[in-house]
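Enquirer: Submitted below is the structure of interest, expressed as structure tokens.
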Amino acid sequence: MIALFRNLIIFSYVVYAVFFFMPSFEMYLYEKEVLDALTWSGYGAIVSSNQIVSYIFFLGYTIALLGLFYFKSWARILFIILTVLSVILTGLSGVIVLPSVEGALLNMTILADGATVAIMYFTSISAKFSN
């Protein structure tokens, strides 16, 4: 179970990192019409997107997953806080336009995060965090 949990964390981080840095490469991957459609992301947002906040989330996610890899109890709390905040901020961020590749990466990240929460609280792995 430990190997499964650690592999899930690694998988989750790699997928999230690829998703996070994907916009840096969009100009090379998509045609002008697609790039024009992507500019609509964030339209009507209550909370506007901010690059600094995005990088803080990425850093927090990195620290949380590293802590989870070594079964640190503070990492579970940080991971849950980041997950809840991302759900709240997504609801306030307006229209989000994603190409299919990024949508697939986002879905994989969401599923991996859900599996991570389930494993770290509802399996034998839970006991490793109390040490």
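The values are calculated or read from the model by the stated rules, or taken from the named source; none is laboratory data. All values reported here derive from a predicted model rather than from experimental measurement. Glycine also receives a Cβ, built like all others from the backbone with ideal geometry; neighbour counts cover every protein chain displayed.
Enquirer: Test Tyr55 against the stated conditions and say whether it is modelled with pLDDT of 80 or more, assigned to a helix (DSSP H, G or I) and within 23 Å of Ile119 (Cβ to Cβ). Break it down into steps so the answer makes sense when it comes.
Expert: On the way: modelled with pLDDT of 80 or more: yes; assigned to a helix (DSSP H, G or I): yes; within 23 Å of Ile119 (Cβ to Cβ): no.
Criteria not met by Tyr55.
Enquirer: Right, something else. Return yes when Leu89 is without any contact (Cβ under 8 Å) to a residue 40 or more places away in the chain, in contact with a Phe, Trp or Tyr (Cβ under 9 Å, 6 or more places away or on another chain) and hydrophobic (A, V, I, L, M, F, W, C) and no when it is not. Talk me through it step by step, then tell me what you get.
Expert: Numbers: without any contact (Cβ under 8 Å) to a residue 40 or more places away in the chain: no; in contact with a Phe, Trp or Tyr (Cβ under 9 Å, 6 or more places away or on another chain): yes; hydrophobic (A, V, I, L, M, F, W, C): yes.
Taking the combined requirement at face value, the residue does not satisfy it.
Enquirer: While we're looking at this one, here's another question. Could you list, in sequence order, all residues of the range 58-102 that are farther than 14 Å from Ser12 by Cβ, assigned to a helix (DSSP H, G or I) and of a type in the set (Phe, Trp, Tyr)?
Expert: Listed by number, the list holds a single entry, Trp74.
Enquirer: Quick one: in the range 111-127, which of the residues that are buried (at least 17 other Cβ atoms within 10 Å of the Cβ) and not acidic (Asp, Glu) is farthest from Ala75 (Cα to Cα)?
Expert: As a first pass, look at the range 111-127 and keep what is buried (at least 17 other Cβ atoms within 10 Å of the Cβ): 112-113, 116, 119-120, 125.
Filter again for not acidic (Asp, Glu), leaving 112, 116, 119-120, 125.
Working: Ala112: 16, Thr116: 12, Ile119: 14, Met120: 11, Ile125: 14 Å.
Ranking the qualifying residues of the range 111-127, first place goes to Ala112.
Enquirer: So, Met120, is that one in a helix (DSSP H, G or I), over 25 Å from Leu4 (Cα atoms) and hydrophobic (A, V, I, L, M, F, W, C) or not?
Expert: Answer is no for this residue.
Enquirer: Please count how many residues of the range 92-116 are under 21 Å from Phe5 (Cα atoms) and in contact (Cβ under 8 Å) with a residue 40 or more places away in the chain. Don't jump to the end; show me each part of the working.
Expert: Of all residues in the range 92-116, those under 21 Å from Phe5 (Cα atoms) come to 105-116.
Cutting the leftovers down to in contact (Cβ under 8 Å) with a residue 40 or more places away in the chain gives us 105-106, 108-109, 112-113, 115-116.
Going through the range 92-116 one residue at a time, the tally reaches 8.
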